[in-house]
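No value in this document is a laboratory result; all are computed from the given coordinates. Please read all numbers here as calculations on a predicted model, not as lab measurements. Positions of Cβ are backbone-derived with ideal geometry, glycine not excepted, and every protein chain shown enters the neighbour counts.
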């Protein structure tokens, strides 16, 4: 096995900084609109559904299921599994499935969030639950 | 207000090169512009509208200057950038501009050299921090669509392979095609897996090159010598995860662009004699055929199987130039060549072995961006007059 893959630190900006601050303490945050009640990801200050600015941060369970995935075999850094995970709270998020047997992944499989370090805030990934 | 019949594609040109280490990107744009003007029987000084996308080096400022477009005449410019389908959108926008009297001879160019030079990076969007690390590429983003389509509808790799097989049957007659060998379903399935479930032969080629077209008024088109081909319907649309709610990667923005174009044209999929369908990957074609209404959602696999897309064999001849899967995919953008082959078919200028008989109505459709992430779609319906 090669050394752990290095990831670039998120650039962050004023709108998303709370997400990355929470990530440093292992919390996976989503945004919820208090006007229409819908959660969304990635986080915006204005709700992408009802366009209200009454959005609040909410810690997600970090649990979800694989909506779809593809094992990318042509990569200079080795194979990786890109995926969309549908969170227990509702939104689907783009991610990589990591730290498990990538050749036996299944749509519908339960996964949970794991954070990987960067030179800045850690990045969220998912692994088999 | 409609663009139906208000604009004609009067000049087309596809660069014969697939590998251009000895040319610049701007030069390729100039060469395809020159080719399209010559095909139309017009000159550079006739151009009063110019449309380009992200492949044109530097955008409109340097390109208008480099080409030497006549500043006193040029009165309409558009740099709509939606990846591979930009040129389909340009055709629609050119028709709108012509219908509104904003220009009368519009040039649209595409060119570049991904085989012999680095591609310029795409500017980051608001999602960058939340996606870039995961390594979405064309291969795996479309792989994710195919994986879910198979899960939801039982689509198989064999069915996807038929799309490549059909393209290869057409490419054997195109002297400029990169891949001229006819392949079988087994050949596709035996090619290396790139990103599950897409094999190498499910993927389009990477090629240098380009293409251009001249879009003009009915009056000017009728004064020229080429067979008359006009735009009768156009649609465009965008799709993305939109906050991650109800994600469904088994359909594309074609479900919106297609009906808009058909409604404007006043025709249905049954009226289409020839279809240019963007074929970045086999799954792209299958999903687009469903989204455009050539078959029901989920039945694309059955629809494309057994040679149904092969000219002279099946019910819906598609990509008779060999398409992106076999002929070329200039600058990793297939929208322009989709229009060019549709115009050839309507003019009766396709290769005799693949020319569709009595081809009076054709569709050119494409997507741009990543089908599995966020993308645009555009549909053009063209008619022989």
Which semi-axis lengths, in whole Å and largest first, follow from the square roots of five times the eigenvalues of the Cα gyration tensor of chain B? 30, 23, 20
P(r) tail fraction, the range B:158-277 - alpha-carbon pairs more than 19 Å apart, %: 69
From largest to smallest, what semi-axes in whole angstrom does the range B:61-215 give when each is the square root of 5 times an eigenvalue of its alpha carbon gyration tensor? 36, 22, 16
May I ask for the percentage of alpha-carbon pairs in the range B:35-138 that lie more than 24 Å from each other? 32
Round to the nearest 0.05 the FRET efficiency obtained for residue A:75 and residue B:180 when R0 = 30 Å and r is the Cβ-Cβ distance. 0.50
Residue of B:122, B:18, B:148 that the Gaussian network model of chain B assigns the largest fluctuation, springs spanning Cα pairs under 10 Å: B:122
Footprinting exposure proxy for B:256, B:61 (fewest neighbouring C-beta atoms within 10 Å first): B:61, B:256
Within 10 Å of each Cβ of B:67-75, how many other protein chain Cβ atoms are there on average? 0
Per-residue counts of other Cβ atoms within 10 Å, averaged by peptide: what ranking do you get for A:79-91, B:337-349, highest first? B:337-349, A:79-91
Quick one: A:113, B:165, B:9, fewest Cβ neighbours within 10 Å first, how do they rank? A:113, B:165, B:9
The helix B:25-40 Cα axis meets the longest alpha-carbon principal axis of chain B at an angle in degrees, between 0 and 90 and rounded to 10, of 70
Any chance you could give the angle, 0 to 90 degrees and rounded to 10, that helix B:138-153 forms with the longest Cα principal axis of chain B? 50
Can you give the average number of partner chain beta-carbon atoms within 10 Å of each beta-carbon in peptide A:71-77, as a whole number? 6
Projected label distance in nm at residue B:124 and residue B:242, using a 7 Å step from Cα toward the beta-carbon: 2.7
Of the beta bridges DSSP finds with both residues in the protein assembly as shown, what % are antiparallel, to the nearest 5? 85
Fluctuation leader among A:27, A:74, A:106 - chain A, Gaussian network, Cα springs under 10 angstrom: A:74
Candidates B:259, B:62, B:317; GNM for chain B (alpha-carbon contacts under 10 Å) flags as most fluctuating B:62
Relative to the longest principal Cα axis of chain B, at what angle does helix B:335-347 sit, 0 to 90 degrees, rounded to 10? 70
Over the Cα atoms of the range B:265-385, each weighted equally, I'd like the Debye log10 I(q)/I(0) at q = 0.11, 0.20, 0.23 Å⁻¹, rounded to two decimals. -0.32, -1.14, -1.52
For the range B:1-93, go through all pairs of different Cα atoms, get the mean of 1/r, take its inverse, and jot down that Kirkwood value in Å. 14.3
Among DSSP beta bridges lying fully in chain A, give the percent that are antiparallel, nearest 5. 95
Once every Cα of the protein assembly as shown carries one equal point scatterer and solvent is ignored, give the base-10 log of I(q)/I(0) from the Debye formula at q = 0.06, 0.12 Å⁻¹, two decimals. -0.28, -1.08
Summing -39500 (n - 2.57) over the DSSP H runs of n ≥ 4 in the protein assembly as shown and dividing by its residue number, what mean residue ellipticity at 222 nm do you reach, to the nearest 500 deg cm²/dmol? -8000 deg cm²/dmol
Where labels lie 7 Å past Cα in the beta-carbon direction, separation of residue B:43 and residue B:100 in nm: 3.0
For chain B, give me the percentage of DSSP beta bridges that are antiparallel, rounded to the nearest 5 percent. 75
